[in-house]
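The structure appears below as structure tokens.
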Amino acid sequence: MDSIEPQQWGGQARTRQSCPFHFDQNAPFHLYMSKPFITSQQIKRVTDCNSGHPGKDFTFDGAHWSNAYMPYPNMDFGTPVYAMEPGTVLWVQEGKPLCINDPKCEPNSVAIQSADRVVTEYVHVTPWVKKGQQVNTGDFIATLAPSGNFNVQPGGKPLPHLHINRITTPGNSVCEHIFSCNWAIVGADFPSWYFNPFHHHHR
Ligand SMILES: [Zn+2]
């Protein structure tokens, strides 16, 4: 998210934000069954959802805050992002520049509302869909982009990553949304073997 990336350099996490975030603590657990990247590599959650960071950050190709100086040939800005679920594009935010260590800087994003009205927002991207467009699971919707705030050490560079928000009740701004942290992506931050039929319990 633009204003709220925790700084985890050197093992120290520091969170900054421009407003308090609101959460639905009773939102039922939701599991996304499709991943936002097409890659044979392991998609990793590098930042979890919490009171100061209302979504989760994902990378692959070894990209991580702790070694953000390394080059990531498959996980750079421009990496395609795919819809994890079907729905309608509720909003698209465009034209927001890269900011470094500026918590008030807004990001580009694509927000898709599913049939249950919940909104999944893909943040730090260049949108490739338009408001009102219908999308299906796996549709190409955006590319990763240096847009919004990235907290960067002196001399460092922004780590490309996808921030995902799950918004149970959208408001008019990030400060008005109601978020849920109670979700995961199967095979990324939730074990894919969970749905392996050979692990089912019988009788
Ligand atoms: Zn984030």
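Bear in mind that the values in this text are calculations on the coordinates, not laboratory data. Computed from a predicted model, the values in this text were never measured in an experiment. FYI the Cβ positions are ideal-geometry reconstructions off the backbone, even for glycines, and counts take in every protein chain you see.
For a footprinting-style exposure proxy, rank PHE60, PHE190 by other Cβ within 10 Å, fewest first.
Lowest count first: PHE190, PHE60.
Under a point spin-label approximation (7 Å from Cα along Cα-to-Cβ), what is the ASN182-ASP24 distance to one decimal in nm?
1.0 nm
Under a GNM of the chain (C-alpha, springs under 10 Å), which listed residue has the highest mean-square fluctuation: HIS30, HIS53, HIS64?
The residue with the greatest mean-square fluctuation here is HIS30.
Name the long-range amide H neighbours of GLN133: under 5 Å, sequence gap of 5 or more, or other chain; modelled H, no Pro or chain starts.
Under 5 Å from the amide H of GLN133 lie the amide H atoms of VAL89, each far enough along the sequence or on another chain.
Mind giving me the FRET efficiency for ASP116 and ASN67? R0 is 35 Å, r the Cβ-Cβ distance, nearest 0.05 is fine.
0.40
Give me the dipole magnitude in Debye, nearest 20, for the chain about the Cα centre, with unit charges on the beta carbon: positive for Lys and Arg, negative for Asp and Glu.
It comes to approximately 180 debye.
When we measure straight from the Cα of LYS130, which lysines land under 17 angstrom away, once same-chain ones fewer than 8 places off are left out?
Those lysines meeting the cut-off are LYS96.
Could you please tell me the mean projected area of the C-alpha convex hull for the range 9-192, averaged over all directions and given in square nanometres to one decimal?
The directionally averaged projection comes out at 9.9 nm².
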